[in-house]
Amino acid sequence: MRGTLGERGNAGKLVLLREKVGEVEIPPCPPIVPEVGTTGTIFARYYHGPVLPNSLNRTHIVTMSRLIINPDTPASWEIQLNPGPNLIGRSPANDIRIEHNSVADTHCQITISGPFVTVKDLGSATGTLLGGILVSESRLEHGAVLQLGEIVVRFETDTPAAVNPSTLLASPVSCRTHPNALAKYLCPSCGQFFCELCVDRKSVRGRIERFCRTCGAECDTFRANVPDAEPPPPFAGQIKSAFGYPLQGDGLILLGAGAVFFFVLSVVASFAALVGLILSLAAAGYVVCYYQQILTTSATGRDTMPDWPDFTGLGDLISPIMQFLGTLLFAFGPAIAINVLTSADQPWKPWVLMAAIGAGCIYFPMGFMAVTMADSLAALNPLVIIPSMLKIPGAYLMAVVILAAVVVNWIGNAFLPQVLPVPILPGVIGEFVGLYLATVEMRILGLLYRSKEEELGWFAN
């Protein structure tokens, strides 16, 4: 059954998908469920197709928001705001033109996304003031007073003052970047939903708030009406499966291809050091990016290997390789310094070097997990990492043991040709074992975070 949605002389305008319409045909779908808010505001929720697990049911908000320029003065005038971005400035190219010398050509932007409204200064010379305070970007509430240069502007809306985002959706929503994870935060500016791993955290007036990594807007806590999720299985019961994880599906082929590839790179590096170094760094960045995906997807409950990361350019590799190298240097920096700066004939050097390597093996797994989850090298803070180790010492020991095996394998690769005097094969075997153990390590770290998230308490308010 098809139907139409039409406007019948209402005071406002009917808006569908950010376009003003008089009448539009609605494709086949279950009935529209209207929910009336305050005067002039209708929350029109329709269901597009079957409700799939963790799928987002489209929600469109029809609301009336406006700006009053020079409010409470004889020169006041008002203009309606449209859903989406509204550019404001002196130039005729803006959506809202304010002809005054103190207003920049393109002064600021007000964005309406459902019931949420934000203002963002666009680099104006005089800035954008909200309630007398200079802001770069901020949420707008009904009655908020802005100052653009010498012009005072008041924002008014008919949207209810407090809208619970959970009432706007009929089913739980998946994170934009982690489909297996339920979203917890909604960006009011770009309209995307994110899990705990995909937002930045900043201290605002003594409270940790979440911000969108895409546009920088402050996110709203999203609560869907879903049954309480079953707690994850105990960490100890998942360790055995972690060793079979890299061999699932095409895992064996991927490990084999990766081993051959890195062996070839090592051969190239022996003949052309600079070319080999550049290729090795690029390949390492891609592999680290994949390992981070293994860690985060495991942390959010996925039990299968993730797809290979999308690659659009070298810029995609810079962040993961810098995070990996930063964590590596932080954990094993003391061992590197001892090995480079001390004389080989010092009798204490081997023992101190082994102790420093052991300390690095203890620090690195927790450090890399924290950096990956927070997407920041600032997470390497010892005041965070060391207490985290002490909170879950037994479970964390397994991650340390696996990393120690990776280090032993790396050292043992130098002696493998003597044990197996066959051309090429020792190098390929060493690379294969290293990739396998590193994959197991990332899987274990992801499972560790998933089962011990509350104990770690990294992202608690």
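The values are calculated or read from the model by the stated rules, or taken from the named source; none is laboratory data. Values in this document were obtained by computation on a predicted structure and should not be read as measured data. In this analysis, Cβ positions are derived from the backbone assuming ideal geometry, glycine residues included, and neighbour counts consider all displayed protein chains. Areas reflect the complete protein model, heavy atoms only, side chains present, ligands, DNA and RNA absent. Shrake-Rupley method; radii C 1.70, N 1.55, O 1.52, S 1.80 Å.
For every residue, the table says whether it meets (1) in a helix (DSSP H, G or I); (2) touching a residue at least 40 places away in the same chain (Cβ under 8 Å); (3) under 32 Å from the mean Cα position of the chain (by Cα).
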site: W351; (1), (2), (3): yes, no, no
site: A356; (1), (2), (3): yes, no, no
site: Y363; (1), (2), (3): yes, no, yes
site: A370; (1), (2), (3): yes, yes, yes
site: I386; (1), (2), (3): yes, no, yes
site: G394; (1), (2), (3): yes, no, yes
site: A414; (1), (2), (3): no, no, no
* For the range 162-171, does any single residue satisfy the condition of being of a type outside the set (V, I, T), under 29 Å from the mean Cα position of the chain (by Cα), modelled with pLDDT of 75 or more and more than 30 Å from L295 (Cβ to Cβ)? -> no
* **Residue check, M398 under 17 Å from L325 (Cα atoms), in contact (Cβ under 8 Å) with a residue 60 or more places away in the chain and among the hydrophobic types (A, V, I, L, M, F, W, C)** => no
* Looking at L134, L87, which one is free of Cβ contacts under 8 Å to residues at least 60 places away in the same chain, aliphatic (A, V, I, L, M) and open to solvent by 70 Å² or more (accessible area, probe 1.4 Å)? -> L134
* To do: For residues that are open to solvent by 20 Å² or more (accessible area, probe 1.4 Å) and part of a strand (DSSP E or B), scanning just the range 122-131, find the one that is farthest from L186 (Cα to Cα).
  => L129
* Given (1) open to solvent by 60 Å² or more (accessible area, probe 1.4 Å); (2) assigned to a helix (DSSP H, G or I), index of the condition V422 fails -> (2)
* Structure fact -> Filtering the range 363-383 for residues that are closer than 22 Å to T300 by Cβ and among the polar types (S, T, N, Q) leaves a count of 2
* Tally, over the range 90-121, of residues that are within 27 Å of C187 (Cβ to Cβ), outside any strand (DSSP E or B), in contact (Cβ under 8 Å) with a residue 24 or more places away in the chain and touching a Gly at 6+ places or on another chain (Cβ under 8 Å) -> 3
* Only residues in the range 232-256 that are in contact (Cβ under 8 Å) with a residue 24 or more places away in the chain and polar (S, T, N, Q) count as the first member; pair them with residues that are part of a loop (DSSP other than H, G, I, E, B) and crowded, with 17+ Cβ neighbours inside 10 Å, Cβ under 9 angstrom, at least 6 apart or cross-chain, and list the lot. => Q248/M305
* Asked: Can you tell me which residue in the range 362-378 is modelled with the highest pLDDT, limited to those that are open to solvent by 20 Å² or more (accessible area, probe 1.4 Å) and not aromatic (F, W, Y)?
  -> I362
* Asked: Name the residues in the range 78-89 that are part of a loop (DSSP other than H, G, I, E, B) and polar (S, T, N, Q), would you?
  -> N82
* Filter the range 304-343 down to residues that are in a loop (DSSP other than H, G, I, E, B), under 23 Å from P246 (Cα atoms) and open to solvent by less than 60 Å² (accessible area, probe 1.4 Å) and give me whichever is modelled with the highest pLDDT. => M305
* Asked: Within the range 290-302, is even one residue charged (D, E, K, R) and either at pLDDT 90 or above or closer than 25 Å to S451 by Cβ (or both)?
  -> yes
* Using the structure shown, decide if A414 is under 30 Å from F211 (Cα atoms) and hydrophobic (A, V, I, L, M, F, W, C). => no
* To do: Would you confirm whether any residue within the range 321-334 is aromatic (F, W, Y), free of Cβ contacts under 8 Å to residues at least 24 places away in the same chain and either within 30 Å of C195 (Cα to Cα) or touching a helix residue (DSSP H, G or I) at 6+ places or on another chain (Cβ under 8 Å) (or both)?
  => no
